[in-house]
Amino acid sequence: MWRKLWLFLVLVRLYFAFQPSYIHPDEHFQGPEVITGLVFGRPSHQTWEFKSSNAIRSYFPLGLIYGAPLTLLKWIWEGLGYGPVPAHVAFYALRLVMFMLSFTLEDWAVHELIPLPKHRQTAITLIASSYATWTFQTHTFSNSIETLTVLWVLVLIRRIRDDPAHTQSTACIVLAFLGALGIFNRITFPAFILIPAVQLVPHLLHKPLRILVILITAVIVLFSAILLDTSIYSGLSVSNIRFRDLPTNAVLTPWNNLIYNLDSSNLAKHGLHPFYQHFLVNLPQLLGPAVLLLPFGNHGTLFWTAVTGIALLSCFQHQEARFLQPAIPLLLASIRLPKRFHQAWVTAWIIFNTLAGVLFGTYHQGGIVSAQTWVAAQPNVTDLYYWKTYSPPHYLLDGRAVLYGDQGDIGQNGSSSTIEVIDLMGLDGSLLVTQMASAMYCASIPPWSRTFLVAPASATFLDQFTITGTVDRSTVDRSHYDLQLKEVWRHRAHIGMDDLDFGEDGIWPTLQRVIGRRGLVIWEASSMYNCLR
């Protein structure tokens, strides 16, 4: 019965892995957005973190986790004669990779970390039934990679302490590799392995040869990562980098990241939170009813590893829920189900994770990926405006995207080879109309070009500018219209939490608008004030 339940939960995880929901911009812009550009040789949007003047993100983990499977996909796809790999195929391929990593490595690690079969089954079931596993862990977050790295460092530390001697060298080598990988992936990684690392020290002091193995492996991996980052950020090939210049010219992305995050003025750009945000807000958001059981669980190494990690992360003023992903399986593995009110708690757990899973796994910004895929297939698109949504991943436009203000190349025979993407974020509605109408002035654009506006259906401000069907524009009073919008595409499974305005509209009217009018719409825009197109 337990195995059937686990298999069902694996299928649920697979289902959500292939849903095009969009939880946070970093799942695209800190991974697929940059690595697809390198693998497929297409223009991509590099955020400030990947600029050489900042260089706080390493390409080393991206190349291993995302670059390797995408390169394999490219060889197979092009080898079969299908031509260039479509961006949406790459998107779902990476989702499959994340699912496979979660399904195999996460569950396997928990299986090894909990020796008692009864407690192990409970832990694996709770982790497999958590919406955080279904959604966050199957998306391309650096936090998802950090979760797997932390779990397997814990497994290897236990193996080194408990396994027979003939497995020690291999375990030490892999431990050193994962340690270096974890640091280059996220600087928060050491916070989650502090206690296990301290517990390992006495054992290593009795086996100094293992310390040497760990150090040699770590140095090799660190040197390789630094060399790769230095090559990419400097624009030089690895063969052209002189080793004697590395001490002064090396790009140390983890160090740059740490220095950046120690400056509170930098964190203020991303939002400052109180020290209790992780414990009192983010943790209940991720665990739901399981939070109530934490005081009564097994307070062993796994529990205190998670608590220590959360406490250290709380020292930084910018705190997001996804930062706690590595702690989730550790805390769920420490829980003991209650004997009293057991049925009531299980019911609450199922309801919480079902609702949260549907929200974050299907509806949360769920139309953006599909919208970009649809636009990429449309001819003659020159301008693409996004309003009241997360930033759209540029790589999904199959290399046609250019940043706002860049000059795109216009193809021959009335076709556009590039699309200028303008992310308006939460711009005031009147300014939206002014900017779009001004940019669409007929004297400045080719007559065959098309302009799209992508916005949530809940944005009622746009109702006054929309038309349905075919309109005889010669009968339109041009003095009353700056902008005319005609719906050309709609994705129903989309809810934008950023469109909530309880203070202005009230709680119930806001929910009626955002949920009742859920969906993402693409409108083809024309300027009725400046000219008739």
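Within the stretch 282-291, how many residues turn out to be touching a residue at least 12 places away in the same chain (Cβ under 8 Å) and open to solvent by 40 Å² or more (accessible area, probe 1.4 Å)? First the steps, then the outcome.
Initial filter on the stretch 282-291 (touching a residue at least 12 places away in the same chain (Cβ under 8 Å)): 282-283, 285-290.
This time we only want the ones that are open to solvent by 40 Å² or more (accessible area, probe 1.4 Å), so: 285.
Of the residues in the stretch 282-291, 1 are touching a residue at least 12 places away in the same chain (Cβ under 8 Å) and open to solvent by 40 Å² or more (accessible area, probe 1.4 Å).
Can you tell me which residue is surrounded by the most Cβ atoms within 10 Å (Cβ to Cβ) among those in the stretch 37-70 that are among the basic types (Lys, Arg) and over 15 Å from Trp255 (Cα atoms)? Per the stated criteria, the residue is Arg42.
Evaluated against (1) assigned to a helix (DSSP H, G or I); (2) out of contact with any Leu (no Cβ under 7 Å at 6 or more places or on another chain); (3) under 17 Å from Ala333 (Cβ atoms), Gln168 falls short on exactly one condition, (3). Residues that are surrounded by fewer than 19 Cβ atoms within 10 Å (Cβ to Cβ), touching a helix residue (DSSP H, G or I) at 6+ places or on another chain (Cβ under 8 Å) and of a type in the set (Ser, Thr, Tyr) do not occur anywhere in the stretch 261-272. The residues of the stretch 309-342 that are within 20 Å of the chain's Cα centre (by Cα) and part of a loop (DSSP other than H, G, I, E, B), listed by number, are His318, Gln319, Glu320, Gln325, Pro326. Checking the stretch 71-84 against the condition returns no match, with no residue being of a type in the set (A, V, I, L, M), in a helix (DSSP H, G or I) and crowded, with 23+ Cβ neighbours inside 10 Å. Going through (1) open to solvent by 80 Å² or more (accessible area, probe 1.4 Å); (2) modelled with pLDDT of 80 or more one by one, Ser474 falls short only on (2). Of the numbered criteria (1) touching a Leu at 6+ places or on another chain (Cβ under 6 Å); (2) open to solvent by 30 Å² or more (accessible area, probe 1.4 Å); (3) of a type in the set (A, V, I, L, M), the one Leu359 fails is (1).
Taking the stretch 185-204 on its own, how many of its residues are more than 19 Å from Thr147 (Cα to Cα) and free of Cβ contacts under 8 Å to residues at least 60 places away in the same chain? Talk me through it step by step, then tell me what you get.
Narrowing the stretch 185-204 to residues more than 19 Å from Thr147 (Cα to Cα): 198-204.
Still in the running and free of Cβ contacts under 8 Å to residues at least 60 places away in the same chain: 198, 200-204.
So the count comes out to 6.
Restricting the first member to the stretch 89-118 and to residues that are assigned by the TED database to the domain that holds Trp374, and the second to residues that are open to solvent by 10 Å² or more (accessible area, probe 1.4 Å), no beta-carbon pair is closer than 6 Å while six or more apart or on different chains.
Note on the stretch 13-36: residues that are hydrophobic (A, V, I, L, M, F, W, C) and open to solvent by 30 Å² or more (accessible area, probe 1.4 Å) total 2. Considering only the stretch 357-378, I want to know if a residue exists there that is within 22 Å of Ala128 (Cβ to Cβ), outside the structural domain of Ala525 (by the TED database) and over 20 Å from the mean Cα position of the chain (by Cα). So far as the stretch 357-378 goes, no, none of its residues is within 22 Å of Ala128 (Cβ to Cβ), outside the structural domain of Ala525 (by the TED database) and over 20 Å from the mean Cα position of the chain (by Cα). Leu181 meets all of the listed conditions (1) surrounded by 13 or more Cβ atoms within 10 Å (Cβ to Cβ); (2) at pLDDT below 95; (3) not basic (Lys, Arg) but one, namely (2).
Quick check on Val34: is it in a helix (DSSP H, G or I), closer than 24 Å to His88 by Cα and outside the structural domain of Gly357 (by the TED database)?
Judged against the criteria, Val34 is not a match.
In this entry, Ile173 is excluded by the filter for residues that are open to solvent by 10 Å² or more (accessible area, probe 1.4 Å), touching a Cys at 6+ places or on another chain (Cβ under 7 Å) and aliphatic (A, V, I, L, M). Remark: pairs (first residue in the stretch 205-219, surrounded by 13 or more Cβ atoms within 10 Å (Cβ to Cβ); second residue of a type in the set (Ser, Thr, Tyr); Cβ separation under 8 Å; 6+ apart in sequence or on different chains) = Arg210/Ser169; Val213/Ser169. When restricted to residues that are of a type outside the set (Gly, Ala, Ser) and farther than 16 Å from Leu151 by Cβ, the stretch 163-182 contains 8.
The values are calculated or read from the model by the stated rules, or taken from the named source; none is laboratory data. Model, not experiment: these values are computed from the prediction. Backbone-built Cβ (ideal geometry, glycine too); neighbour counts: all protein chains shown. Side chains included, ligands, DNA and RNA excluded: accessible areas come from the protein's heavy atoms. Shrake-Rupley method; radii C 1.70, N 1.55, O 1.52, S 1.80 Å.
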